[in-house]
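The values are calculated or read from the model by the stated rules, or taken from the named source; none is laboratory data. These numbers come from a predicted model, not from an experiment. Here the Cβ is made from the backbone with ideal geometry for all residues, glycine too, and neighbour counts use every protein chain on show.
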Amino acid sequence: MRNDRAAAEVGLEGLSEQAWLDHFARFLPLPENLPSPLALRYHGHQFRQYNPDLGDGRGFLFAQLRDRSGRLLDLGTKGSGTTPWSRGGDGRLTLKGAVREVLAAELLEARGVPTCRIFSVVETGEDLVRYDEPSPTRSAVMVRLSHSHVRIGSFQRLATLNLPEQMDALLAFCARHLLPDLGSDELPLRFLQRVMDRLADCAAAWMVAGYVHGVLNTDNLNVTGESFDYGPYRWLPFADATYTAAYFDGTRLYAYGRQSGQVLWSLRRLARALGLLGDRQRLEAALQDYPRLYRQHLRRRFLERLGVGEGQPGDDAELLAAFTSFSAVTAAGWAQTFHDWRGGLSAAQRAAQSPQAELYRHAAWRPVQALFEGRSVAADLDHERLQQPFAETLGYEEIEAIWAAISERDDWGPLQAKVAAIRAMGAALS
């Protein structure tokens with residue numbers, strides 16, 4: 001799989017098939033780029049337990065390029081073999097895991113969530129043994145395009161080892177290449193504030209998109225506020241704050257309704273780490289602004305997905321609460337309800353043709369309908385995709401069916417069709 005849409009952003013869409021394989025399967029260096037791979041070292045809290053033994057154990061930074069707007073982007077691998085930080089693992093990625101990552105990144109991008117893009121997937125021909133799925137299973141090497149692979153855990157490591165010069169260098173790199181226009185005064189504080197804003201927006205985007213992260217550890221949160229590394233994940237079937245993605249998350253620490261709080265908890269770890277260079281009390285106090293930022297981003301993204309304008313003061317928060325309550329009470333599909341009512345009351349005829357049209361007669365829908373009154377339409381409602389009755393979703397069973405076609409018949413048609421359908425939905429929502 002080659003993502004020519006993403007490749008065009010960094011000038012690589014014209015590579016021949018042989019050149020693509022040379023660079024993104026055998027990892028021959030790109031011309032005038034990094035001469036050798038760079039496996040990054042970091043620490044992190046995993047399920048709130050500190051782990052100092054982390055790092056890129058099955059991937060590395062392969063190349064860095066600039067997109068059309070001048071942003072510095074990373075090409076990072078997954079499944080490319082062992083590194084000094086592999087901790088006894090084989091450094092490989094299952095083909096099924098790569099397929100799941102493709103689907104997650106495509107749907108997140110289509111729903112407007114800040115995300116890496118899966119740039120390339122190449123099957124390696126190896127058989128892998130995994131103890132949580134049928135084995136042996138097929139192997140792949142994957143490349144992702146991301147704005148940054150610098151994690152909160154990168155700063156945690158430098159603070160734990162008391163390495164202020166190295167942290168100062170990392171902070172300067174981030175300020176110059178990843179989060180520009182921070183200024184030079186109180187750089188640790190300004191950096192934390194920018195990261196907080198980015199991650200508050202990312203968390204809000206997850207909630208509106210209905211994305212449930214399976215392992216929301218500090219080594220899986222980067223400083224540019226982009227989602228990446230899609231291991232266990234789920235998409236919200238209907239509003240349920242307790243809905244959890246990972247079967248091993250027995251305490252539901254990373255449940256859907258806890259995601260924003262976990263991001264704030266991780267930001268507190270970043271503030272403490274940055275205390276190696278700045279005033280720790282001022283850094284931690286700055287995080288008091290997180291709830292306001294989160295609510296602001298949540299409101300904006302909710303209205304954008306609904307395709308309606310702002311209401312009277314206070315009405316937007318009430319609309320979000322009523323919309324969520326309706327889905328929770330009736331088990332109405334989260335994605336389906338957004339699809340049916342994109343454009344607000346202008347979509348009433350489309351909603352009447354919905355597979356869940358009967359639910360809109362429930363008393364829980366009345367507050368939502370009332371709060372739609374007087375709102376402008378902020379979306380193009382004529383897109384062909386919006387005329388279809390069903391929303392574009394991605395349930396566990398559909399992922400399994402897509403994988404079964406590949407595993408049993410080497411049929412990639414269902415995956416290609418799903419990616420095309422997701423991109424069509426993304427075009428409609430944009």
Cβ pairs under 7 Å, 6+ apart, first in the range 329-353 and touching a residue at least 12 places away in the same chain (Cβ under 8 Å), second among the hydroxyl-bearing types (S, T, Y) and not in a helix (DSSP H, G or I): A335/T393; Q336/S354; D340/S354
Subset of the range 242-282 [outside any helix (DSSP H, G or I), within 24 Å of R194 (Cα to Cα) and either under 19 Å from the mean Cα position of the chain (by Cα) or without any contact (Cβ under 8 Å) to a residue 60 or more places away in the chain (or both)]: Y254
Candidates L221, L182, L199, L158, filtered to the one that is surrounded by fewer than 24 Cβ atoms within 10 Å (Cβ to Cβ), at negative phi and of a type in the set (A, V, I, L, M): L182
Answer residue from the range 259-309, given it is buried (at least 19 other Cβ atoms within 10 Å of the Cβ) and among the basic types (K, R) and is farthest from F47 (Cα to Cα) among those: R305
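Working carefully through the options L192, L283, L276, find the one that is out of contact with any Pro (no Cβ under 7 Å at 6 or more places or on another chain) and either among the aliphatic types (A, V, I, L, M) or modelled with pLDDT of 95 or more (or both).
L192
This table checks each residue for (1) within 30 Å of V215 (Cβ to Cβ); (2) surrounded by 13 or more Cβ atoms within 10 Å (Cβ to Cβ); (3) touching a Leu at 6+ places or on another chain (Cβ under 9 Å).
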position: G14; (1), (2), (3): no, no, no
position: Q18; (1), (2), (3): no, no, no
position: L28; (1), (2), (3): no, no, no
position: P31; (1), (2), (3): no, no, no
position: L34; (1), (2), (3): yes, yes, yes
position: H45; (1), (2), (3): yes, yes, no
position: R48; (1), (2), (3): yes, yes, yes
position: N51; (1), (2), (3): yes, yes, no
position: L54; (1), (2), (3): yes, yes, no
From the options D127, D74, D67, residue that is touching a residue at least 40 places away in the same chain (Cβ under 8 Å), acidic (D, E) and either in contact with a Lys or Arg (Cβ under 9 Å, 6 or more places away or on another chain) or buried (at least 23 other Cβ atoms within 10 Å of the Cβ) (or both): D74
Residue count, the range 12-24 (criterion: under 24 Å from the mean Cα position of the chain (by Cα) and touching a residue at least 24 places away in the same chain (Cβ under 8 Å)): 2
Scope the range 384-405; condition within 16 Å of V102 (Cα to Cα) and in a loop (DSSP other than H, G, I, E, B); matching residues: E392, T393, L394, G395
Leading residue by the ranking (farthest from I422 (Cα to Cα)) among those in the range 353-386 that are of a type in the set (G, A, S) and in contact with a Phe, Trp or Tyr (Cβ under 8 Å, 6 or more places away or on another chain): A364
Breaking point among (1) buried (at least 16 other Cβ atoms within 10 Å of the Cβ); (2) under 29 Å from the mean Cα position of the chain (by Cα), for A404: (1)
Test for V368: is it crowded, with 17+ Cβ neighbours inside 10 Å, modelled with pLDDT of 95 or more, over 22 Å from the mean Cα position of the chain (by Cα) and part of a helix (DSSP H, G or I): yes
Filter result for L236 (touching a residue at least 12 places away in the same chain (Cβ under 8 Å) and either out of contact with any Lys or Arg (no Cβ under 7 Å at 6 or more places or on another chain) or surrounded by fewer than 22 Cβ atoms within 10 Å (Cβ to Cβ) (or both)): yes
Subset tally (residues that are more than 21 Å from D4 (Cβ to Cβ), more than 18 Å from the chain's Cα centre (by Cα) and either in a loop (DSSP other than H, G, I, E, B) or touching a residue at least 60 places away in the same chain (Cβ under 8 Å) (or both)) for the range 81-110: 13
